[in-house]
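Visitor: Structure incoming, see below.
The values are calculated or read from the model by the stated rules, or taken from the named source; none is laboratory data. Remember, it's a predicted structure, so these values are computed and weren't measured experimentally. Methodologically, a virtual Cβ is constructed for each residue, glycine included, from the backbone with ideal geometry; neighbour enumeration extends over all protein chains shown. Accessible surface areas use protein heavy atoms only, side chains included; no ligands, DNA or RNA. Shrake-Rupley method; radii C 1.70, N 1.55, O 1.52, S 1.80 Å.
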Amino acid sequence: MYDKKIDKKWQDIWEKEKCFQAVDDFNRKKFYSLIEFPYPSGAGLHVGHARAFMGMEVISRMKRMKGYNVLFPIGFDSFGLPTENYAMKTGIHPRKVTDDNIETFTKQLKSFGLSFDWNRVIDTTTPEYFKWTQWIFLKLFEHGMAYKDNTYVNYCPKCRVILANEESQGGLCDRCDSQIVQKEKEVWMLKITDYADKLLDELANLDFTPRVKLEQESWIGRSYGVEIDFGIENSDKKLKVYTTRPDTIFGVTFMAIAPEHKLLDELKGRITNFDEIIEYRKKASEKTEFERTKIAKDKTGVKVQGVYCINPVTNEKLSLVVADYVMLGYGTGAIMAVPAHDERDYEFAKKFNIDIKQVIAMDYTDVTNPPKEGAPNKEGNGVLVVLKHWNEEKYVCSIWKDYDWKNLITGGIEPGETALETAVREVKEETGYIDVKNVSYIPFEHFDSFYAAHKGVNKVVHQRDVFVELASGKQIEISEEEKKLVDNVWLTKEEMLETINKVHHKLVFDICVNGGRPYTGNGILINSEFLNGLNIKEATIKINEYLAENKLGTLKTNYHMKDWAFARQRYWGEPVPIVKCEKCGLVPMNEEDLPLTLPEVKDFMPGEDGESPLAKIDSWVNTICPKCGIAAKRETDTMPQWAGSSWYYLRYIDPKNSNCLASEDKLKYWLPVDWYNGGMEHVTRHLIYSRFWHRFLYDIGVVPTKEPYAKRTTQGLILGPDGNKMSKSKGNVINPDDIIKQYGTDTLRTYILFIGEYSQSAPWSENGVKGAKKFLDRIMRLKDIITNENTDSKELDREMHMMIKKVSNDYEEMKYNTAIACMMSYINLLYKQDKINIKYIKPLLQVLNPVAPHVTEELWELLELENNIFSTLWPEYNESKMVSDIIEMAVLINGTVRFRVTVDSYLNEIEIEKIVRKDDRLKQYTIDKQVKKIIVVKGRVINIVV
RNA sequence: GCGAGUAUGGCGAAAUUGGCAGACGCGCCAGACUUAGAAUCUGGUACCAACCGGUGUGUAGGUUCAAGUCCUAUUACUCGCACCA
């Protein structure tokens, strides 16, 4: 039996003998494994933490046994709002709250038996630590990467703090889920956008899971486009817009500008409805981010009276509108609107009755009859006709007799004819109907490309689409030829959409009966003067050249990621080491005066208007300017929660160094982190921030690697027994302490890893825990069947070596569930023997040790084996022991397993086939049948086709 | 809306990447040991027919000697981003 009393015994031994301390021995091969250090909340550790830590715990213990010098550190990310909120509520100082929580966390972590190096513990709230957080800030400031800006920022009214973009995803506060409002404020910003390209491009060289890479890519959100200056009528001023579609510039029918855009103020004197615009601006600012992006799909806006823009390419006069669907923070805060080819512009144009001008025509290639390479191209003009019944809601579909074509009436435009005339003529010729009530264009043109076999040419037909409505059923006789070719049938709208089997015909019909829509796909330029006939790619290149030559626009790359709002109006954070001097401006503190510590205060409440509590402490705020020595004031905002965690993995390398953040040779030895495991929720927050800081430190020569983490993996969530996310309100939270108390630490560890695929979420099951306990009991009971006698067998050898191989490989791939399953299978095999020699048990204990260290240490000791198990060498496997003399193969008749054969393993496919052919059992399946083919896949199956 | 992922017994899940579907665990059934229970051990356990056999990896097609795995369409759920110009 596995008695949980042994847990404490081994934990004490590990602690006393400092078994898992990393040593700075630069001659040994190193392995730096990292977990996300916890935030010491009052709630304690939960089973999710345990899962997150266990992944790297197994890797770390295995790597040690494989001879690596392993650094597996732990610390506490202790600045943050919950602690401060708790302090505000209870009046207990955050320092005290933090210390108490850290104590609880430490106790818990130790009870998990995790093999951390407890000698390197860090706490981000100690002055010894945040001295270097402040030092990095000074470096950022020195290199122009930290700046103060008066700008619109995300503000959480409930937490009363400014939030970074990363902390307000979806328009909600990361902490409290309140809706974020936009607030204009002067705050510290970090220029993370300067590093957007580096962060994006370097991803290619990193071993991060695909999902992590993808999320970072889309978060950074690079797009290539052009900034174009549009003129303002009767003014020298320009309206700069950003667009990724300069090819559509001939389709611009209006200009739109963000409500907060400065140009509006600059043109104030000329705008005759400025009051209306101010009113609109006010309304827009009151909307939360959430309303502006999610709920308010309905477009709103105000036309700017008295101001017109000039399209620099066409010199067309364009009206200007203020609309809050244009964001100040992206691009230039103004756009050229092309309703024909942009969904948002289209919606707006429809609502406000603005012209829609098509400049991209869909280029449809007939897939059943595509253009042939080498054949000459011939252009033409044609029409597609939607013909409507005179008194029913029905339309004509042409069904071809010799082909599988069901489509609209089509025809070529004759010289001198308009498309409308062609449509009427084709209707008459193909259907005989002559009494037309209405003829009009469907607002959609497109190209049809196909190979015209009878003429040996590739045709590219520019199609106009026409709607024809009949007044009556008056009909003339049509030619015999036409009658032979097609049947024209009347169908309802729904039947038409089901029947038409050519994609472009269906689209034209759909637009005709269900209304227009913006076309955003590929195509060929029309109505665009010198761009006509080009495809989008070619047109983009040509217009960009034109814009550059005429100094109208410049290429510009934009990012979805914004600069990092780096300030919290709170007490419990790192003070920003900057002094505001009336004469010198923003002055950095001298490095030797760091750390700048927090003053003792009684009142932690932030001010009503988002002011830091530090602002109320005059004795702290008032100081002298480090540059000129006159009276000055300190910056009162503190750094955000993410500051300390952006570089903590560096401090682990040299946690007690008081001269620098970590010594150069130690950094050189330990960096990069070889493997970092953590949560998906940090991918666009902590992970991106710390990559940014690290890259900056690399650029200024502080760290020796471009990237902090060589490999990044993520663990899945543990859900409650009910399959829901664990939460206090749902009452489905599992406390790891309870599990340890009842079943022992190793049971918790084993179950957590056995629960399912490591990166996937999985629900908790009490019965599953019992299963893990049973397995560990069976491990302990192995001592009952141990013997000194020789129990060697080829089968045992084979199974043991295969087990060692599978478990070793599975650990490396974080497939802990199948590794444990394999050990379970192996132990089942051991129990099938009456007695078993210890040599078959030792390797099992060794490979199980990373998962269940207490149990394996205990049994190792009981068996009086050498040393502690964790200091033994990882067992080797021998491929040659894994081969078997005979192999069993399944015989399939037409894909169904019918019987099995056992053959010697040295036989080749042909010899195996001979044996199977002679097998008596085959006969019953081949009566009245012939064996057509036999496929032998050695070691797997033999498939006989009859 | 865009992007990504998942879907397999009563349950958690495996499947060497195209080669015997359901390893391992839970649960359940039967048996052994027990006065009895607990624990432990042994055997069974996808479904239908219960004899030959047939059907099964969300749904519908396709490729192949062979498909959970590849292709096409489709549904449901999860996650990420979201008026990104």
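Visitor: In the stretch A:328-353, how many residues are surrounded by fewer than 19 Cβ atoms within 10 Å (Cβ to Cβ) and either more than 13 Å from RNA strand B (Cβ to nearest atom) or not in a loop (DSSP other than H, G, I, E, B) (or both)?
Guide: 7
Visitor: Would you mention how many residues in the stretch A:157-178 are in contact with a Leu (Cβ under 9 Å, 6 or more places away or on another chain), over 22 Å from A:S690 (Cα atoms) and either modelled with pLDDT under 75 or hydrophobic (A, V, I, L, M, F, W, C) (or both)?
Guide: 2
Visitor: Same structure again: Having 3 or more residues that are within 13 Å of RNA strand B (Cβ to nearest atom) and within 35 Å of the chain's Cα centre (by Cα) is the bar; report the helices (runs of 4 or more DSSP H) wholly within the stretch A:775-854 that clear it.
Guide: Working: elements: A:794-812, A:816-832, A:842-848.
Correct list: A:794-812, A:816-832.
Visitor: Restricting to helices (runs of 4 or more DSSP H) lying wholly in the stretch A:586-662: which have 2 or more residues that are open to solvent by 10 Å² or more (accessible area, probe 1.4 Å)?
Guide: Working: elements: A:618-621, A:642-645, A:648-651.
Where helices (runs of 4 or more DSSP H) fall fully within the stretch A:586-662 and carry at least 2 residues being open to solvent by 10 Å² or more (accessible area, probe 1.4 Å), they are A:618-621.
Visitor: Hey, does the stretch A:54-61 have a residue that's within 20 Å of A:N677 (Cα to Cα) and polar (S, T, N, Q)?
Guide: So in the stretch A:54-61, the residues within 20 Å of A:N677 (Cα to Cα) come out as A:54-61.
Imposing the further condition that a residue be polar (S, T, N, Q) reduces the set to A:60.
Yes, the conditions are met somewhere in the stretch A:54-61.
Visitor: Could we say that A:Y2 is part of a loop (DSSP other than H, G, I, E, B), of a type in the set (S, T, Y), surrounded by fewer than 22 Cβ atoms within 10 Å (Cβ to Cβ) and in contact with a Gly (Cβ under 7 Å, 6 or more places away or on another chain) here?
Guide: Details: part of a loop (DSSP other than H, G, I, E, B): yes; of a type in the set (S, T, Y): yes; surrounded by fewer than 22 Cβ atoms within 10 Å (Cβ to Cβ): no; in contact with a Gly (Cβ under 7 Å, 6 or more places away or on another chain): yes.
Criteria not met by A:Y2.
Visitor: Just need a number here: residues in the stretch A:87-107 that are surrounded by fewer than 18 Cβ atoms within 10 Å (Cβ to Cβ) and within 33 Å of the chain's Cα centre (by Cα).
Guide: Residues in the stretch A:87-107 being surrounded by fewer than 18 Cβ atoms within 10 Å (Cβ to Cβ) and within 33 Å of the chain's Cα centre (by Cα): 1 in total.
Visitor: Right, next: Given the condition out of contact with any helix residue (DSSP H, G or I) (no Cβ under 7 Å at 6 or more places or on another chain) and either part of a loop (DSSP other than H, G, I, E, B) or within 18 Å of A:M54 (Cα to Cα) (or both), answer yes or no: does some residue in the stretch A:738-757 qualify?
Guide: Yes, that holds for at least one residue.
Visitor: Additional query: Can you name the number of the only condition in (1) open to solvent by 60 Å² or more (accessible area, probe 1.4 Å); (2) over 22 Å from A:I511 (Cβ atoms) that A:K437 fails?
Guide: Only one criterion is unmet by A:K437, namely (2).
Visitor: With the structure loaded, tell me whether A:P415 is in a loop (DSSP other than H, G, I, E, B) and open to solvent by 20 Å² or more (accessible area, probe 1.4 Å) or whether it fails that test. Steps first, answer last, please.
Guide: Details: in a loop (DSSP other than H, G, I, E, B): yes; open to solvent by 20 Å² or more (accessible area, probe 1.4 Å): yes.
Criteria met by A:P415.
Visitor: Let me ask something additional. Return yes when A:E167 is surrounded by fewer than 16 Cβ atoms within 10 Å (Cβ to Cβ), among the acidic types (D, E), within 11 Å of RNA strand B (Cβ to nearest atom) and within 16 Å of the chain's Cα centre (by Cα) and no when it is not. Lay out the reasoning, then the answer.
Guide: Values: surrounded by fewer than 16 Cβ atoms within 10 Å (Cβ to Cβ): no; among the acidic types (D, E): yes; within 11 Å of RNA strand B (Cβ to nearest atom): yes; within 16 Å of the chain's Cα centre (by Cα): yes.
The answer is no for A:E167.
Visitor: Moving on. Can you tell me which residue is farthest from RNA strand B (Cβ to nearest atom) among those in the stretch A:198-230 that are among the charged types (D, E, K, R) and more than 30 Å from A:L547 (Cα to Cα)?
Guide: The first filter runs over the stretch A:198-230 and keeps only residues among the charged types (D, E, K, R), leaving A:198, A:201-202, A:207, A:211, A:213, A:215, A:217, A:222, A:227, A:229.
After this cut, where a residue has to be more than 30 Å from A:L547 (Cα to Cα) as well, the list is A:202, A:207, A:211, A:213, A:215.
Working: A:E202: 19, A:D207: 17, A:R211: 5, A:K213: 10, A:E215: 4 Å.
Here the residue is A:E202.
Visitor: If A:M726 satisfies all but one of (1) touching a strand residue (DSSP E or B) at 6+ places or on another chain (Cβ under 9 Å); (2) farther than 23 Å from A:T104 by Cα; (3) open to solvent by 10 Å² or more (accessible area, probe 1.4 Å), what's the number of the condition it fails?
Guide: (2)
Visitor: I'm checking my understanding of the structure. Among residues of the stretch A:876-915 that are part of a helix (DSSP H, G or I) and within 26 Å of A:V946 (Cβ to Cβ), which one is nearest to RNA strand B (Cβ to nearest atom)? Give the steps one after another, and end with the answer.
Guide: Here is the first cut: in the stretch A:876-915, the ones part of a helix (DSSP H, G or I) are A:879-882, A:909-915.
Right, trim to within 26 Å of A:V946 (Cβ to Cβ) and you get A:909-915.
Working: A:E909: 11, A:I910: 15, A:E911: 18, A:I912: 13, A:E913: 13, A:K914: 18, A:I915: 16 Å.
Only one residue tops the list, namely A:E909.
Visitor: So, in the stretch A:700-716, of the ones that are surrounded by fewer than 17 Cβ atoms within 10 Å (Cβ to Cβ) and touching a residue at least 40 places away in the same chain (Cβ under 8 Å), which residue ends up farthest from RNA strand B (Cβ to nearest atom)?
Guide: A:P704
Visitor: Please specify each residue of the stretch A:149-164 satisfying the condition of being more than 16 Å from RNA strand B (Cβ to nearest atom) and under 20 Å from A:A196 (Cα atoms).
Guide: Selection gives A:D149 alone.
Visitor: Only one of A:K282, A:K287, A:K268, A:K297 is at pLDDT below 95, open to solvent by 70 Å² or more (accessible area, probe 1.4 Å) and within 11 Å of RNA strand B (Cβ to nearest atom). Can you tell me which? Walk me through it before giving the result.
Guide: Working: A:K282 fails: within 11 Å of RNA strand B (Cβ to nearest atom); A:K287 fails: open to solvent by 70 Å² or more (accessible area, probe 1.4 Å); A:K268 fails: within 11 Å of RNA strand B (Cβ to nearest atom).
Result: A:K297 is the single residue among A:K282, A:K287, A:K268, A:K297 that is at pLDDT below 95, open to solvent by 70 Å² or more (accessible area, probe 1.4 Å) and within 11 Å of RNA strand B (Cβ to nearest atom).
Visitor: I would also like to ask the following. Residue by residue through the stretch A:760-771, note down the ones that are buried (at least 20 other Cβ atoms within 10 Å of the Cβ) and either near RNA strand B (Cβ under 6 Å from one of its atoms) or at pLDDT 95 or above (or both). Lay out the reasoning, then the answer.
Guide: We begin by selecting, within the stretch A:760-771, every residue buried (at least 20 other Cβ atoms within 10 Å of the Cβ); these are A:764, A:769.
Within the stretch A:760-771, none qualify.
Visitor: On the given criteria, is A:V385 closer than 30 Å to A:H454 by Cα and either surrounded by 20 or more Cβ atoms within 10 Å (Cβ to Cβ) or of a type in the set (F, W, Y) (or both)?
Guide: Working: closer than 30 Å to A:H454 by Cα: yes; either surrounded by 20 or more Cβ atoms within 10 Å (Cβ to Cβ) or of a type in the set (F, W, Y) (or both): yes.
When the stated conditions are applied, A:V385 passes them.
Visitor: I'd like to check something: does the stretch A:446-466 contain any residue that is open to solvent by less than 30 Å² (accessible area, probe 1.4 Å), under 17 Å from A:S398 (Cα atoms) and at pLDDT 90 or above?
Guide: Yes - at least one qualifying residue is present in the stretch A:446-466.
Visitor: A follow-up question, please. For the stretch A:856-869, state whether one or more residues are polar (S, T, N, Q), surrounded by 13 or more Cβ atoms within 10 Å (Cβ to Cβ) and more than 16 Å from RNA strand B (Cβ to nearest atom).
Guide: Of the residues in the stretch A:856-869, the ones polar (S, T, N, Q) are A:856, A:867-868.
Okay, now just the ones that are also surrounded by 13 or more Cβ atoms within 10 Å (Cβ to Cβ), so A:856, A:868.
When the remaining residues are screened for being more than 16 Å from RNA strand B (Cβ to nearest atom), the result is A:856, A:868.
Yes, there is a match, as at least one residue in the stretch A:856-869 is polar (S, T, N, Q), surrounded by 13 or more Cβ atoms within 10 Å (Cβ to Cβ) and more than 16 Å from RNA strand B (Cβ to nearest atom).
Visitor: How many residues are touching a residue at least 24 places away in the same chain (Cβ under 8 Å) and part of a loop (DSSP other than H, G, I, E, B) when one looks only at the stretch A:663-672?
Guide: Filtering the stretch A:663-672 down to residues touching a residue at least 24 places away in the same chain (Cβ under 8 Å) leaves A:664-672.
Subsequent filtering for residues that are part of a loop (DSSP other than H, G, I, E, B) retains A:671-672.
Result for the stretch A:663-672: 2.
Visitor: Identify all residues within the stretch A:542-570 that are surrounded by fewer than 24 Cβ atoms within 10 Å (Cβ to Cβ) and either away from RNA strand B (no atom under 16 Å from the Cβ) or on the phi > 0 side of the Ramachandran plot (or both); write none if there are none.
Guide: Matches in the stretch A:542-570: A:K542, A:E545, A:Y546, A:A548, A:E549, A:N550, A:K551.
Visitor: Counting just the residues of the stretch A:14-23 that are open to solvent by less than 100 Å² (accessible area, probe 1.4 Å) and either aromatic (F, W, Y) or without any contact (Cβ under 8 Å) to a residue 24 or more places away in the chain (or both), which one comes out nearest to A:K774 (Cα to Cα)?
Guide: Among those that are open to solvent by less than 100 Å² (accessible area, probe 1.4 Å) and either aromatic (F, W, Y) or without any contact (Cβ under 8 Å) to a residue 24 or more places away in the chain (or both), it is A:W14.
Visitor: If you take the residues in the stretch A:546-584 that are more than 34 Å from the chain's Cα centre (by Cα) and either in a strand (DSSP E or B) or polar (S, T, N, Q) (or both), which one is farthest from A:T636 (Cα to Cα)?
Guide: Step one: list which residues in the stretch A:546-584 are more than 34 Å from the chain's Cα centre (by Cα), which gives A:546-552, A:577-584.
Right, trim to either in a strand (DSSP E or B) or polar (S, T, N, Q) (or both) and you get A:550, A:578-581.
Details: A:N550: 49, A:I578: 9, A:V579: 9, A:K580: 10, A:C581: 13 Å.
The qualifying residue farthest from A:T636 (Cα to Cα) is A:N550.
Visitor: State yes or no: is A:R712 part of a strand (DSSP E or B) and in contact with a helix residue (DSSP H, G or I) (Cβ under 6 Å, 6 or more places away or on another chain)?
Guide: On the way: part of a strand (DSSP E or B): yes; in contact with a helix residue (DSSP H, G or I) (Cβ under 6 Å, 6 or more places away or on another chain): yes.
Here the answer is yes, as A:R712 does meet what is asked.
Visitor: Continuing with this model, one more query. So is A:K730 over 15 Å from A:A52 (Cα atoms) and in contact (Cβ under 8 Å) with a residue 12 or more places away in the chain or not?
Guide: Values: over 15 Å from A:A52 (Cα atoms): yes; in contact (Cβ under 8 Å) with a residue 12 or more places away in the chain: no.
Here the answer is no, as A:K730 does not meet what is asked.
Visitor: Continuing with the same structure: Across the stretch A:170-197, what is the total count of residues that are within 16 Å of RNA strand B (Cβ to nearest atom), among the hydrophobic types (A, V, I, L, M, F, W, C) and in contact (Cβ under 8 Å) with a residue 40 or more places away in the chain?
Guide: The number of residues fulfilling the criteria is 5.
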